[in-house]
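See below for the structure under consideration.
The values are calculated or read from the model by the stated rules, or taken from the named source; none is laboratory data. Since the structure is predicted, the reported quantities are computational estimates derived from the model, not experimental observations. Cβ coordinates were reconstructed from backbone atoms using ideal geometry, including for glycine residues, and neighbour counts include every protein chain displayed. SASA here: full protein model, heavy atoms, side chains in, ligands and nucleic acids out. Shrake-Rupley method; radii C 1.70, N 1.55, O 1.52, S 1.80 Å.
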Amino acid sequence: MSIDMSQFYQVFFEETAEHLATMENLLLTLDIAAPDAEQLNAIFRAAHSIKGSAGTFGFTDLAEVTHILENLLDGVRKGELALREDMIDAFLDAGDVLKGMLAAHRGEGETDAAQAAAICQRLRQLTGDDAAPPAPAAASVPPVPRRAPAATPPSVAAPDESGHDLFFVLDGDAATTAAALDNLNAALAALGRTSVVAAAAAPGQPWHLRFRGATDAETLRGMLEFVARNDSIRVVPLGQATAFEDAPDGAYGFFGTPPAPAEEEAYGFFEPLPASPAEEEAYGFFAPLPDASAVPAPVVQEEAYGFFEPLPPVEAAAASAPNADAQDGAYGFFVEPQSLPAVASAAPPPPAAEKPPAAKEVMRPVPTVVKPGTDASIRVGVDKVDQLINLVGELVITQAMLAQSATQIDPVEFERLHNGLIQLERNTRDLQEAVMSIRMMPISVVFSRFPRVVRDISQKLGKQVELQLSGENTELDKGLIERIADPLTHLVRNSLDHGIEAPEERAAKGKQPVGTITLKAYHQSGNIVIEVGDDGAGLNRQKILAKARERGLNVYDQMTDQEVFALIFEAGFSTADQITEVSGRGVGMDVVKKNIAAMGGRVEIDSMPGIGTRMTVRLPLTLAILDGMSVAVGAETYIIPLGYVIESLQAERGMIKSVSGVERLIQVRDEYLPVVPLHEIFRVPGAVASFADGIMIILEADGVKAALFVDAMVGQHQVVIKSLESNYRKVSGVSGATIMGDGRVALILDVSTLVGMARHALPAAA
Amino acid sequence: MAQDFAPQSSRPAAGDEGGHAQEYLTFTLGPEEYAIDILKVQEIRGYEPPTTIANAPAFIKGVINLRGIIVPIVDLRIKFGVGKIEYTPFTVVIILSIGGRVVGIVVDGVSDVTSLRAEQIRPAPEFASSVDTRYINGLGTLGERMLIVVDIERLMLSAEMALVDEAAEAAA
């Protein structure tokens with residue numbers, strides 16, 4: 001059930017850092033007067049990717065800032081907003097804030113909530129988005145919004161026609177609060193009548209406003225969130241106000257200045273203690289209070305989730321430092337004796353309400369900080385790794401050469417030398433294995449992030465989806481792994497959002513209410529194939545065509561399904577009726593195509609209305625490992641990818657059938673298969689010519705079977721595929737080359753072509 | 001004084017007569033001596049039997065593993081039709097780095113590195129030979145020796161060497 005996300009944090013940090021760097025570079029090169037659409041798209045995509053992954057991994061503060069950034073970028077990209085110099089500045093600053101957040105999550109710095117809020121504000125202003133609540137002043141975003149849910153008060157009431165009581169605490173100093181209040185008043189005046197029931201005596205004290213109007217509680221809350229501390233907001237329908245009035249008020253009295261959720265305070269006051277969160281120490285801290293026993297046990301208990309976790313000390317510092325000024329208040333409250341009586345009565349309700357979120361936090365321990373060092377990795381240029389692999393290969397050859405020479409030396413007389421060589425052999429092999437393993441990773445590294453992605457998104461969308469994985473052990477190059485993750489995530493999100501229907505809809509169509517998404521990886525004809533399939537609604541050809549026309553693309557009704565489906569890879573193309581958090585902006589699919597093309601691969605779409613959609617990603621095998629069978633023909637060794645081999649057998653005379661005088665068929669059980677003599681096709685001298693003396697290897701490619709005739713089978717290896725084309729050209733019947741253990745080059749056969757040769761003309765029986 | 005003298009001593013051929021000299025690697029194919037731009041040479045190594053490639057022209061001996069890179073080997077003796085085709089411990093492969101590709105050429109032996117000034121290279125007359133005169137930059141004179149200066153990059157990337165895909169298609 002619980003998936004340990006922390007293993008992916010490192011990847012997320014690295015990816016996000018990369019995206020941020022890309023964004024910054026692009027922003028810096030952007031021509032303000034005439035921005036390049038492609039560049040704008042690229043910047044937007046970077047922001048979009050950050051938002052997507054941040055959301056997936058639960059780094060809501062990053063997601064929040066990028067979301068606003070993305071909105072603005074989207075406007076610019078679509079030409080709705082003109083690009084201005086101050087926008088670029090804001091973008092760059094936003095990038096810096098994001099970097100700061102990222103560093104904080106890594107445990108290397110502190111999140112600056114005020115800064116984040118300021119940049120959000122600035123971006124919103126630039127967007128000129130009317131939808132954004134009109135509250136331009138104070139810092140409003142909580143330092144780490146992850147905690148915001150915990151603060152959600154129990155008193156969110158159903159919309160009440162008559163009005164609401166609003167309780168909140170303004171953030172910031174006197175000057176900013178005044179401005180914030182003005183703005184709030186103006187905003188509320190537009191909606192209804194507002195009266196001040198109780199003004200704050202000092203900055204940090206709670207406000208109580210009475211609002212009369214038809215606006216529902218959520219809207220009011222939304223407006224308040226921009227001026228007040230998120231966690232302090234209480235919106236209570238007027239009728240019920242009295243019931244709650246005491247409690248929140250009392251609570252504020254008790255909580256003092258920052259009525260932040262207990263957890264946050266916990267950081268505040270536990271921070272001075274040694275990081276090891278021993279219970280005694282915790283109580284020891286409370287002890288100096290005038291009436292320690294009055295400090296309600298439930299509070300401690302609930303808060304305990306926050307601080308009894310073995311939190312790295314960094315987080316405590318990170319979380320508390322930005323609230324430096326608030327902390328004073330926090331400490332103040334504890335020494336304020338008159339507040340204390342309220343403690344016992346008022347405190348219990350909020351903790352009780354906070355219980356579920358708190359429990360959730362425990363299940364997902366400390367998602368904000370990954371302990372530095374535990375998952376340490378260094379990023380090294382691929383060329384360096386390649387060089388390493390090549391050098392080790394060379395070492396293996398030298399070692400083999402030495403071993404060869406040593407056989408001619410008297411083992412008794414030179415025992416030490418022999419022992420040394422045996423040691424060398426072992427070490428070399430270990431070294432080679434270790435070096436090879438640097439590059440190769442099973443695709444499960446990528447796949448394993450999807451259960452969470454699918455779960456989260458399907459929950460968000462209210463869909464029921466089951467994820468099926470297969471071929472997780474297919475190994476591919478690390479470079480490819482890193483680069484395929486993003487496109488695959490997009491494809492999966494896309495399938496979830498557009499493919500799988502809502503349960504009711506599925507039931508109405510007579511399908512299982514639970515949709516299925518399949519992720520499959522395998523090797524096929526020199527490619528790595530990754531399929532993302534769903535059993536959803538399928539693509540709507542008409543809708544795509546209509547949308548394409550709307551966008552002014554050159555389309556016509558006679559286009560094949562493949563061509564039509566390929567349109568969804570156009571930049572900015574989305575047939576989603578509305579923009580959701582998951583997708584619908586039309587970014588993603590063009591990124592997918594771009595990224596995959598950059599890897600030398602391609603994407604294909606198969607779709608059947610009502611049955612489902614399958615996206616097939618084909619990647620070339622550059623540097624992928626292949627399970628191969630080595631066969632000998634004459635003096636040559638060839639590698640056959642094992643996936644094509646069905647069986648091998650020694651032909652008996654009677655099995656070989658001739659057609660028009662030439663022996664070209666072999667009867668295997670009740671099938672007649674064409675024989676492909678490899679030595680003839682490749683003109684290898686000195687090979688076994690008689691079919692009865694060699695080995696027949698039955699291959700199947702593209703649904704066609706053939707028997708490949710070779711001299712002998714040598715063994716089975718895992719080989720690293722090297723391109724023949726980088727220094728030479730493409731050779732028919734050969735898909736690549738590899739370097740064998742002895743340093744010699746062996747060619748990897750292109751089975752599809754060879755099997756095809758059996759069907760077509762053979763090289764006129766040379 | 002010393003500073004003035006130093007550069008002259010390091011490049012006597014260039015310094016003495018003032019012409020622009022270029023360095024060439026010279027090698028022999030049978031009785032003939034060839035010169036190629038030394039900057040195209042990556043390394044020189046002994047011959048090792050390559051892995052043959054199916055249906056390749058005879059002068060393409062196959063591919064070898066050069067520290068993890070697959071490098072095609074061309075026997076220039078076969079291509080140029082000179083010298084005895086034998087592979088002895090003294091047979092040499094010159095590994096060239098041309099146009100982003102790495103290619104090895106088999107020659108009888110490597111002679112030396114020489115500097116040739118532009119005026120030492122005479123244009124080659126039109127003559128029939130197994131190698132197109134297009135790929136011969138000229139004939140260099142070095143005392144009694146005549147060096148055939150080959151534009152190795154153009155030659156190796158040309159269609160007739162069949163080393164490059166586009167060229168191979170163009171030739172077909």
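Annotations for the structure displayed:
- Extension gain for the segment A:L92 to A:V514, taken as residue separation times 0.36 nm less the Cα-Cα distance, is 147.6 nm to one decimal.
- Efficiency of FRET from Cβ geometry, A:K730 and A:S690, R₀ 35 Å, rounded to 0.05: 0.65
- Two-site label geometry, A:L642 and A:K594: point separation in nm, points 7 Å out along Cα→Cβ: 3.9
- Heavy atoms of B:Y24: accessible area, 1.4 Å probe, square angstrom to 10: 20
- Taking amide H as placed 1.01 Å from N in the peptide plane, the amide H of B:E33 sits under 5 Å from that of B:I148, each at least 5 places away or on another chain.
- Placing a pseudo-label 7 Å from each Cα along the Cα-to-Cβ vector at B:L142 and A:L417 gives an inter-label distance of 4.0 nm.
- Annotation: amide H-H contacts under 5 Å for A:S607 (H modelled 1.01 Å from N, sequence separation of 5 or more, or interchain): A:R614.
- Shielded residues, the range A:712-734 - accessible-area loss of 40 Å² or more between chain alone and all protein chains, probe 1.4 Å: A:N727, A:Y728, A:R729
- Computing FRET efficiency as 1/(1 + (r/R0)^6) for A:E504 and A:E38, where r is the C-beta to C-beta distance and R0 is 56 Å, gives about 0.85.
- Farthest toward positive dipole pole in the range B:3-159 [+1 Lys/Arg, -1 Asp/Glu at C-beta], among B:V149, B:T28, B:N65: B:N65
- Take the range B:3-159 with all the other protein chains still there, run a 1.4 Å probe, and you get 47 Å² of accessible area per residue.
- Heavy-atom accessible area per residue - the range A:452-580, 1.4 Å, Å²: 45
- Heavy-atom surface analysis with a 1.4 Å probe gives the range B:32-112 a carbon and sulfur content of 55 percent of its accessible area.
- Here's how it looks for B:I136: its modeled amide H is under 5 Å from those of B:D151, which are all 5 or more places away or on a different chain.
- Backbone HN-Hα couplings from phi across the range A:438-454 [Karplus 6.51/-1.76/1.60, Hz, Gly and Pro as x]: 4, 8, 8, 9, x, 5, 4, 4, 7, 4, 5, 7, 6, x, 5, 4, 5
- Taking all protein chains together and rolling a 1.4 Å probe, A:S607 ends up with roughly 20 Å² accessible.
- Cross-link reach is defined here as a Cα-Cα straight distance under 20 Å, omitting same-chain residues fewer than 8 places apart; for A:K99 the lysines meeting it are A:K51, A:K371.
- Of A:K722/B:K40; B:K61/B:K84; A:K460/A:K520, pairs whose Cα-Cα distance is over 21 Å: A:K722/B:K40; A:K460/A:K520
- Derived scalar couplings ³J(HN,Hα) [the range A:41-47; Karplus, 6.51 cos²θ - 1.76 cosθ + 1.60; whole Hz; x for Gly, Pro]: 4, 5, 5, 4, 4, 4, 4
- FRET efficiency for the A:A635 to A:A21 pair, using the beta carbon distance and R₀ = 51 Å, is estimated at 0.50.
- Chains B and A together bury some 2200 Å² of accessible area, summed over both sides, with a 1.4 Å probe.
- Working note: Karplus 6.51/-1.76/1.60 with θ = phi - 60° gives the range A:379-387 the couplings 8, 10, x, 4, 5, 5, 5, 4, 4 Hz, where Gly and Pro are set to x.
- For the range B:26-68, accessible area lost to neighbouring protein chains reaches 40 Å² or more, against the chain alone with a 1.4 Å probe, at B:T51, B:T52, B:I53, B:A54, B:N55, B:N65, B:R67, B:G68.
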